[in-house]
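In what follows, a structure is listed as structure tokens, so that the remarks can point back to it.
The values are calculated or read from the model by the stated rules, or taken from the named source; none is laboratory data. Predicted model only: the values in this text are computed from it and were never measured. Because the Cβ atoms are built from the backbone with ideal geometry, glycine has one as well, and the counts that use them run over all protein chains shown. All accessible areas refer to the heavy atoms of the entire protein, side chains included, with ligands and DNA or RNA removed. Shrake-Rupley method; radii C 1.70, N 1.55, O 1.52, S 1.80 Å.
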Amino acid sequence: MDLDDRTALVTGGGAGIGAACARELAAAGAVVHVVDRDGESARAVAAEIGGHAHVTDLAVADQLHGLPREVDVLVNNAGMQHIAPVHEFDPDTFVRMQQVMVTAPFLLARHCLPHMYRRGWGRVVNISSVHGLRASTGKSAYVAAKHGLEGLSKTIALEGAAHGVTSNCVNPGYVDTALVRDQIADQAAAHGTDPADVVERVLLTRPAIKRLIEPREVAAAVRWLCGPHSGYVSGASLALDGAWSSS
């Protein structure tokens with residue numbers, strides 16, 4: 001299998017895209033560390049795939065020191081969302097979102113890259129978003145964080161090239177996860193409409209392919225970026241957005 005004798009760490013691995021990535025990497029032969037703030041979900045996924053669970057709040061930098069350093073594949077997936085116009089956006093929420101989606105990936109890369117450099121091989125995969133390439137109203141913190149993650153990923157790609165380390169972003173549109181379902185429910189409640197109408201008239205107006213993405217589709221792209229045929233792919237942003245960013 002592609003990742004025999006490799007160790008992977010997936011943040012936000014207890015559900016959604018993160019859980020799908022953990023399963024996919026384990027199926028490829030990796031030993032997977034599942035990191036999530038929700039201990040119950042992290043332990044459930046880890047037990048399912050024969051991995052290891054770590055209950056960690058990524059917004060608290062000191063908690064990251066206890067995570068393993070001998071990691072060959074780092075998947076920075078954890079994220080959060082809050083929607084409000086800039087002039088009404090809660091500053092503490094803005095800061096926490098940057099901590100989870102930019103600072104934590106930086107600290108984890110700093111934590112794991114020395115091991116990758118020593119082995120002469122490593123893969124950093126950052127779950128960005130179409131919002132790392134395009135902006136939307138009401139999502140200032142999320143858009144800022146994903147754009148920051150894109151820049152961090154490219155810098156790691158440049159620095160890691162001489163050491164056999166690649167770094168890439170995967171940029172999905174709306175994925176069928178609890179986070180997106182919560183947004184759908186909030187929009188439906190706010191506008192007094194059916195959730196299916198929110199999906200059709202709000203979420204799917206910009207993609208040319210009119211459906212939500214499945215978490216396993218994102219995970220398949222992550223596995224490919226860690227596989228034997230992608231060693232020259234680095235510093236890239238792989239759009240899985242149904243041609244949203246093509247318009």
Requested in this report: Alpha carbons only, please: Rg and Dmax for the chain, in angstrom.
Outcome: 17.4, 56
Report summary line: From most to least accessible, 1.4 Å probe, no ligand or DNA/RNA atoms counted, Lys210, Lys154, Lys139 line up as Lys210, Lys154, Lys139
Report summary line: Total charge of the residues flanking Ala141 in space, meaning their Cβ is under 11 Å from its Cβ, with Lys and Arg +1 and Asp and Glu -1, is +1
Report task. Return the lysines within reach of Lys210: Cα separation strictly under 25 angstrom, same-chain partners fewer than 8 residues apart disregarded; answer none if there are no such residues. Result -> Lys139, Lys146
Query raised in the report: In a shell of Cβ-Cβ distance under 9 Å around Ala8, excluding Ala8 itself, what net charge do Lys and Arg (+1) and Asp and Glu (-1) give?
Result: +1
Report task. Report, by chain and number, residues whose modeled amide H sits under 5 Å from the one on Val32, excluding near sequence neighbours (fewer than 5 apart, same chain). Result -> Ala8, His52
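Please compute the volume of the convex hull spanned by the alpha-carbon atoms of region 83-195 and report it per residue in Å³.
So the per-residue hull volume is 108 Å³.
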Query - Tilt relative to the chain, helix 104-119 - C-alpha long axis, 0 to 90 degrees, to 10 - result: 30 degrees
Requested in this report: Would you grab the residues whose amide H sits under 5 Å from the one on Ser129? Only those 5+ places off in sequence or on another chain, please, with H modelled 1.01 Å from N.
Outcome: none
Query - Net charge contributed by nearby residues that have their C-beta within less than 14 Å of Asp90 (K/R +1, D/E -1) - result: 0
Query - Sequence of Phe89, Phe94 from largest to smallest accessible area, 1.4 Å probe - result: Phe94, Phe89
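May I ask you to compute the full-extension gain from Arg201 to Asp92, defined as 0.36 nm times their residue separation minus their alpha-carbon distance, rounded to one decimal in nm? Could you put the intermediate results ahead of the total?
On the way: separation 109, 0.36 × 109 = 39.24 nm, distance 3.11 nm.
Gain on stretching Arg201 to Asp92: 36.1 nm.
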**Report entry** region 139-168 and region 18-71: distance between their alpha carbon centers, rounded to Å
**Finding:** 21 Å
**Report entry** Simple spin-label estimate for Asp194 and Arg216 in nanometres, 7 Å along Cα-Cβ
**Finding:** 2.8 nm
Report summary line: Karplus-derived 3J(HN,Hα) from phi for region 140-155 (6.51 cos²θ - 1.76 cosθ + 1.60, θ = phi - 60°), whole Hz, x at Gly and Pro, runs 4, 5, 5, 5, 4, 5, 5, 5, x, 4, 4, x, 4, 4, 5, 5
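Taking R0 as 30 Å, what FRET efficiency do you get between Tyr232 and Asp176 from their Cβ-Cβ distance, rounded to the nearest 0.05? Write down the numbers at each step before the final one.
Details: r = 32 Å, r/R0 = 1.05.
Calculated value: 0.45.
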**Report entry** Accessible surface, region 38-189, averaged per residue in Å² (probe 1.4 Å)
**Finding:** 44 Å²
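With runs of 4+ DSSP H residues as the only contributors, calculate the mean residue ellipticity of the chain at 222 nm using -39,500 (n - 2.57) per run, divided by the residue total and rounded to the nearest 500. It would help to have the intermediate numbers written out before the result.
Working: 8 runs with 97 residues, N = 247.
Value at 222 nm, helices only, nearest 500: -12000 deg cm²/dmol.
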Query - Efficiency of FRET from Cβ geometry, Gln81 and Thr137, R₀ 22 Å, rounded to 0.05 - result: 0.95
Query - In order through region 86-94: 3J(HN,Hα) via Karplus (6.51 cos²θ - 1.76 cosθ + 1.60), integer Hz, x for Gly, Pro - result: 3, 6, 10, 6, 5, x, 5, 5, 4
Report summary line: Rounded to the nearest 10, the angle in degrees between the Cα long axis of helix 39-49 and the longest principal axis of the Cα atoms of the chain comes to 60 degrees
Report summary line: Mean-square fluctuation maximum in Gaussian network of the chain, Cα pairs under 10 Å, restricted to Val31, Val222, Val95, hits Val95
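On full extension of the chain, what length is gained from Ser246 through Ala61, given 0.36 nm per residue of separation minus the C-alpha to C-alpha distance? Mind showing how you got there, number by number?
Values: separation 185, 0.36 × 185 = 66.60 nm, distance 3.68 nm.
Stretched out fully, the Ser246 to Ala61 stretch lengthens by 62.9 nm.
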**Report entry** Packing-based ranking, highest mean first, of 47-54, 238-245 given that Cβ atoms within 10 Å are counted
**Finding:** 238-245, 47-54
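Just the number, please: carbon plus sulfur as a percent of the accessible area of the chain, 1.4 Å probe, no ligands or DNA/RNA counted.
Values: 6050 of 11270 Å².
Here it works out to 54 percent.
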Report summary line: Phi angles of region 23-35, converted by Karplus (6.51 cos²θ - 1.76 cosθ + 1.60, θ = phi - 60°) into ³J(HN,Hα) in whole Hz with x for Gly and Pro, give 5, 5, 5, 5, 5, 7, x, 7, 8, 10, 9, 9, 10
Report summary line: Helix 178-191: inclination vs the chain longest Cα principal axis, degrees, rounded to 10, gives 10 degrees
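When a/c is below 1.5 the answer is rounded, else prolate if a/b is larger than b/c, else oblate, so apply that to region 1-76 with a ≥ b ≥ c taken from the square roots of the Cα gyration tensor eigenvalues. Numbers along the way, then the final one.
On the way: a/c = 2.01, a/b = 1.35, b/c = 1.49.
Verdict is oblate for region 1-76.
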